[in-house]
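Report on the following structure.
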Amino acid sequence: MQNPSKSRNRLIFAALAATLLFSFTADRNAAQASPESPVIALSNSYYGNTWRHQMVESFEEAAGQAKKDGKIQDFIVVNGDGTTNQQMSQMADLILRKVDVIAINAASETALNGTIQKACQAGIKVLAFDSIVSAPCAYTLGFDFAKYQGDMAREIAKRLNGKGNIIVVRGVKGSAPDNEMYNGQIEALKQFPEIKTVATVYGQATTSVAQSAVANVLPSLPHVDAVLGQGGGDDFGIAQAFEQYGGAYADAMPIISGGGSSNFIQWWSERRKKNGYSTISMNTTPGIGGAAFWLSYEIAKGAKPPQKMTMPVAVVDEKNLDEYLKMPSGTIVSPSFSQEWVQRTLLQSPAKQ
């Protein structure tokens, strides 16, 4: 029978050897990267909701196809826990691996600027998308969060005839999109002084977190007429909280702003058939992950896009609601964005292939 401590030591040594071999291989491959055969990385700060999962999948799908077609040498995806410290550490590792382009969905608009500047100084191009940064050397591909959330807030306020009680469900705490969306909502509501915000909670753009946050405050609130969310699946969580609370909401649900989740769209359709329930849905499209990959690829190949670029949002209302009823559960409304779309829509002078 082997000595248990010796057996453990052998296992530890084997694991360390495997780790060192992987690191050496990764570094060697990265060192061989070039604009002709680039390595493109995704640094995603947060992976805790449906929207981010779908975004990463769209990036990986585009990158996988590009690798299969021989357009890139490789791609790297790293997902974080929502903290700037972890993302800074991951970014530092990507710089050491000498990738060609880093597409970053950032945990903070400002906290990562120093690390991003180091990447730029090392000759690595940086594309910040969705949750963008203010580092001057980075290209940005974002959404007009304040505008579309302001538009949705105004539409719902008009449906309330300018008066009533609302809950505001914020998104990923500390992120640039959360701040911009919230500011857009609050600015829009200034036009309606008789609308009162009776609670503000964080839903982390996640179904379960939003449901719990709303359920926790409902017992202490007056009757709620509408709820403004931010998307990522929070819309269905909000609806579930009111469904479970019941009471006056059993037959008369508040107007909940849709965030494009398939579960909410199906719930909305059922409620509409039952009692004419009506709302509107606008959402940022997780397919931006694919657009970010192709834009990163074009930049690696020498394209010079505008420093700041804006993506479209998806809109669902009663006119096109039925078109989305067959979406798989747990997904978000989003088109796919191809290389041709990126060349045609985002680039001033499409790079030759």
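The values are calculated or read from the model by the stated rules, or taken from the named source; none is laboratory data. Fair warning: this is a prediction, and the values are worked out from it, not measured in the lab. Cβ: placed from backbone, ideal geometry, glycine included. Neighbour counts: every protein chain shown. To get the accessible areas, we keep the full protein, side chains included, count just its heavy atoms, and leave off ligands, DNA and RNA. Shrake-Rupley method; radii C 1.70, N 1.55, O 1.52, S 1.80 Å.
Observations on the model:
- Mean shadow area of region 169-308 over all directions, Cα convex hull, nm²: 10.3
- Distant-in-sequence amide contacts of Gly203, defined by a placed amide H-H separation under 5 Å and a gap of 5 or more residues or a different chain, comprise Arg170, Gly171.
- 25 °C / 0.890 mPa s Stokes-Einstein diffusion coefficient of region 71-165, Kirkwood radius on C-alpha pairs, µm²/s: 161
- Taken over region 45-113, the alpha-carbon convex hull comes to 81 cubic angstrom per residue.
- Length-normalised contact order for the chain - Cα pairs under 8 Å, 6+ apart - percent: 17
- Using every pair of distinct Cα positions in region 262-353, the Kirkwood expression returns a hydrodynamic radius of 15.2 angstrom.
- Extents of the chain, largest first, come to 67, 64, 38 Å (Cα atoms, principal axes, whole angstrom).
- Solvent-accessible area assigned to carbon and sulfur over the chain amounts to 52 percent, based on a 1.4 Å probe.
- J(HN,Hα) series, region 241-252, from Karplus relation 6.51 cos²θ - 1.76 cosθ + 1.60, nearest Hz, glycine and proline x: 4, 6, 4, 6, 5, x, x, 5, 7, 4, 10, 10
- Rounded to 5, percent antiparallel among DSSP beta bridges of the chain: 15
- With helices as the sole contributors, the chain gives -14000 deg cm²/dmol at 222 nm; each DSSP H run of n ≥ 4 counts as -39500 (n - 2.57), and the sum is divided by every residue.
- Interchain or long-range residues, amide H under 5 Å from Gly233's placed H: Ser261
- Region 226-243 and region 290-314: distance between their alpha carbon centers, rounded to Å: 31
- Degrees, to the nearest 10: 50-68 long Cα axis against longest axis of the chain: 40
- Between the Cα long axis of helix 288-300 and the first principal axis of the chain there is an angle of about 30°, rounded to the nearest 10.
- Glu194 contributes an accessible area of around 120 Å² to the protein surface, as traced by a 1.4 Å probe with all chains present.
- Members of Lys196/Lys326; Lys68/Lys147; Lys98/Lys304; Lys98/Lys326; Lys196/Lys308 lying beyond 32 Å, as alpha-carbon distances in this model show: Lys196/Lys326; Lys68/Lys147; Lys98/Lys326; Lys196/Lys308
- 14 Å beta-carbon shell around Thr84, net charge (K/R +1, D/E -1): -1
- The chain - accessible surface per residue (Å², probe 1.4 Å): 45
- Kirkwood-type radius of region 83-227, with distances r between different C-alpha atoms, in Å: 17.1
- The residues packed around Ala119, meaning those with a beta-carbon under 14 Å from its beta-carbon, carry a net charge of +2 if Lys and Arg are +1 and Asp and Glu are -1.
- Couplings 3J(HN,Hα) for region 270-284, derived from phi with the Karplus relation 6.51 cos²θ - 1.76 cosθ + 1.60 (θ = phi - 60°), are 5, 5, 5, 5, 6, 9, x, 3, 9, 7, 9, 10, 9, 8, 5 Hz, where x marks Gly and Pro.
- Proximal aspartates and glutamates relative to Lys173, as straight alpha-carbon distance under 20 Å, when same-chain residues fewer than 8 apart are discounted: Asp81, Glu109, Asp130, Asp144, Glu187, Asp234, Asp235
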